[in-house]
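First comes the structure, then the notes that go with it.
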Amino acid sequence: MTIKLYNSLTKQIEELKPIRPDEVSIYSCGPTVYSYAHIGNLRAFLFADFLQRTIREVGAYKVKWVMNITNIDDKTIRDSQNSDVWKTDFGEMTNDALSNLEKLCNFYEVEFRKDIELLNIKNNDFYKMPRATDYIVQMKELIIKIFNNGFAYVSGNSVYFSVGKWRENEIYGKLKKIDFENFRPGSRVDSDEYEREQVSDFVLWKAKKEGEPFWTLEIDGQNLEGRPGWHLECSAMEYDILGLPFDIHTGGVDLKFPHHEDEIAQSKAGYGLEPTAMWCHNEFLEVEGKKMSKSLNNFYTLRDLIDKGIDPKDIRFAMLSAHYRSKYNFTFADVEAAKKARSKVQEFIYELHSDIYGDSEADANSFKMEVFSNLANDLHSPKALATIFSFINNSKAESFNKNSKRNLISVFNQINNVYAVFEITKKLETSIPKNIIDLADLRIQAKTDKNWAESDKLRNEILLFGYTIKDTKDGFEISKLM
Ligand code: AMP
Ligand code: ZN
């Protein structure tokens with residue numbers, strides 16, 4: 001089926017026409033691993049997963065999906081040098097700046113991988129998850145290309161992209177309109193994140209400050225000790241791994257400027273090509289109608305929600321029930337509604353497995369085509385789910401004949417290849433295994449001893465076995481993740 005997507009570059013819904021036959025290449029801006037991902041970040045990764053699963057299942061394409069790990073930028077460096085943020089989890093801070101950075105980032109990368117696994121984003125679906133620090137050579141090469149093509153200059157041991165020079169013949173502001181009234185050619189911005197109003201020459205190679213990790217860039221007869229700018233990292237990794245142009249680039253709407261705008265300029269200035277055919281951006285997640293922030297006490301990581309006894313699959317289902325280009329208002333009531341909706345579909349699937357048959361014939365194929373065409377139309381999940389619930393509400397599983405039931409199970413299996421929140425097999429009666437109860441008892445002991453690190457570790461172990469644990473006033477309650 002033809003897939004259509006909203007392209008932020010043309011501001012239109014367009015047909016996906018893969019550059020290489022049968023294969024769709026996708027690059028997703030990944031996590032900055034200086035702390036646990038929050039549920040807003042996770043929305044961005046769930047969107048990318050939903051997109052790639054739809055392209056595989058509904059579009060019947062192979063997918064080459066790359067998501068980078070940002071392990072060097074302003075925030076990772078800042079926290080790797082701040083003794084306050086060091087926790088027993090990643091050991092002693094040393095005098096070696098690079099090894100401190102690696103320790104901090106490796107720790108949060110492992111935690112990120114656990115989070116996405118719990119959300120059913122499968123490791124095997126990635127072609128590669130490159131770490132920025134493994135591509136420093138390629139990043140330096142790109143800077144030199146941009147410099148040799150006349151769009152970069154050295155100033156104060158850093159290298160900057162000249163926006164003024166670029167604008168002589170090219171558009172800067174393709175994804176978001178930029179007002180150049182306050183633009184002063186030659187003004188410079190060093191930080192990775194800045195506002196549209198601050199449009200200036202941005203940094204490609206950032207001079208090291210005292211005590212920071214660094215690499216050496218040989219350029220213009222000088223040896224500059226520093227590190228790549230954040231925007232440059234993605235340009236170099238996508239070129240090296242996917243080649244240019246590739247099919248789809250994803251990220252949250254906040255990345256349109258400056259991150260993606262700068263990526264377009266750098267790639268074209270250095271490699272002569274824009275990175276991608278389609279830019280797809282997810283809208284933001286808010287919590288109870290407000291921007292998520294620590295000061296508002298509405299800032300959640302996945303583990304915060306699991307601690308409240310929420311099953312990660314209900315979070316996945318709740319977030320995927322909304323359209324990715326609408327703001328998603330995260331509320332506990334909505335997660336509870338998603339849990340009910342999920343179990344309704346789940347019960348229907350279980351009933352399709354029962355040996356009770358009727359005479360009715362189900363038109364499984366037209367049901368599937370309706371769900372899939374909604375997904376193919378710019379991932380319209382709300383409409384796809386409306387089709388699913390209307391089908392379930394108007395059918396009785398036991399009224400279908402054997403053949404129809406079998407066909408419907410197969411359709412739900414295909415739907416689940418995209419949503420990934422249901423069990424397609426027969427219902428299994430489960431009791432909680434003894435080793436899980438033993439771990440839970442050890443965790444209670446650790447909590448009594450106020451050994452929080454140990455109790456967190458045990459909770460993670462329990463999770464990896466597929467169970468969640470919730471504290472109650474009498475002890476704990478364990479449930480199996482579906
Ligand atoms: P970061 O780890 O900060 O580099 O961000 C990872 C991804 O999360 C990026 O694609 C961001 O655009 C996205 N993102 C950050 N905050 C939110 C939010 N509140 N809602 C949706 N996506 C977000
Ligand atoms: Zn990026």
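Each value in this text was obtained by applying a stated rule to the coordinates, not by laboratory testing. All of these numbers come straight from a predicted model, not from anything done at the bench. Reconstructed Cβ throughout: ideal geometry from the backbone, glycine too, with neighbour counts over all protein chains shown.
Considering (1) touching a residue at least 60 places away in the same chain (Cβ under 8 Å); (2) out of contact with any Gly (no Cβ under 7 Å at 6 or more places or on another chain); (3) surrounded by fewer than 19 Cβ atoms within 10 Å (Cβ to Cβ), the lone condition that F284 does not fulfil carries the number (2). Only residues that are more than 19 Å from N100 (Cα to Cα) and either buried (at least 24 other Cβ atoms within 10 Å of the Cβ) or small (G, A, S) (or both): list them for the stretch 208-228, please. The answer is L217, G221. Looking across the stretch 78-97, the residues that are surrounded by 15 or more Cβ atoms within 10 Å (Cβ to Cβ) and in contact with an Asp or Glu (Cβ under 9 Å, 6 or more places away or on another chain) come down to S80, Q81, W86, A97. Scanning the stretch 411-430 for residues that are surrounded by fewer than 20 Cβ atoms within 10 Å (Cβ to Cβ) and assigned to a loop (DSSP other than H, G, I, E, B) returns A420, E423, I424, T425, K426, K427, L428, E429, T430.
Among the candidates E218, E193, E210, the residue that is assigned to a loop (DSSP other than H, G, I, E, B), more than 16 Å from ligand 1 (Cβ to nearest atom) and more than 15 Å from F151 (Cα to Cα) is uniquely E210. Note on the stretch 171-185: residues that are of a type outside the set (K, R), surrounded by 14 or more Cβ atoms within 10 Å (Cβ to Cβ) and under 18 Å from A269 (Cα atoms) total 3. Looking at N182, N149, N157, which is the one that is without any contact (Cβ under 8 Å) to a residue 40 or more places away in the chain and over 32 Å from the mean Cα position of the chain (by Cα)? Criteria check complete, one pass: N182. Has the stretch 177-184 got at least one residue that is over 21 Å from S80 (Cβ atoms), of a type in the set (V, I, T) and within 16 Å of ligand 1 (Cβ to nearest atom)? Looking for residues that are over 21 Å from S80 (Cβ atoms), of a type in the set (V, I, T) and within 16 Å of ligand 1 (Cβ to nearest atom), one finds none in the stretch 177-184, hence no. The combined condition, being free of Cβ contacts under 8 Å to residues at least 40 places away in the same chain and more than 13 Å from ligand 1 (Cβ to nearest atom), is not fulfilled by D22. Among the residues of the stretch 225-251, those identified as within 11 Å of ligand 2 (Cβ to nearest atom), assigned to a helix (DSSP H, G or I) and in contact with a Pro (Cβ under 9 Å, 6 or more places away or on another chain) are H231, C234, S235, A236, M237, E238.
Among residues that are in a helix (DSSP H, G or I) and either away from ligand 2 (no atom under 16 Å from the Cβ) or surrounded by fewer than 23 Cβ atoms within 10 Å (Cβ to Cβ) (or both), F50 is included. Among the residues of the stretch 319-378, count how many are under 23 Å from the mean Cα position of the chain (by Cα) and among the hydroxyl-bearing types (S, T, Y). Residues meeting the conditions: 5. Residues that are touching a residue at least 12 places away in the same chain (Cβ under 8 Å) and in a helix (DSSP H, G or I) within the stretch 390-402 comprise F391, I392, A397, E398, S399, K402, listed in sequence order. Counted as qualifying within the stretch 58-173 are the strands (runs of 3 or more DSSP E) with 3 or more residues that are touching a Phe, Trp or Tyr at 6+ places or on another chain (Cβ under 7 Å) and within 16 Å of ligand 2 (Cβ to nearest atom), namely 62-67.
Residues of the stretch 193-205 that are crowded, with 21+ Cβ neighbours inside 10 Å and within 16 Å of ligand 2 (Cβ to nearest atom): F202, V203, L204. The conditions of being touching a Gly at 6+ places or on another chain (Cβ under 6 Å) and within 16 Å of ligand 1 (Cβ to nearest atom) are not met by M278. Of the candidates D254, D334, the single residue that is touching a residue at least 12 places away in the same chain (Cβ under 8 Å) and either within 16 Å of ligand 2 (Cβ to nearest atom) or on the phi > 0 side of the Ramachandran plot (or both) is D254. For the stretch 257-276, taking the residues that are more than 12 Å from ligand 2 (Cβ to nearest atom) and under 20 Å from F147 (Cβ atoms), the one that is surrounded by the fewest Cβ atoms within 10 Å (Cβ to Cβ) is identified as G272.
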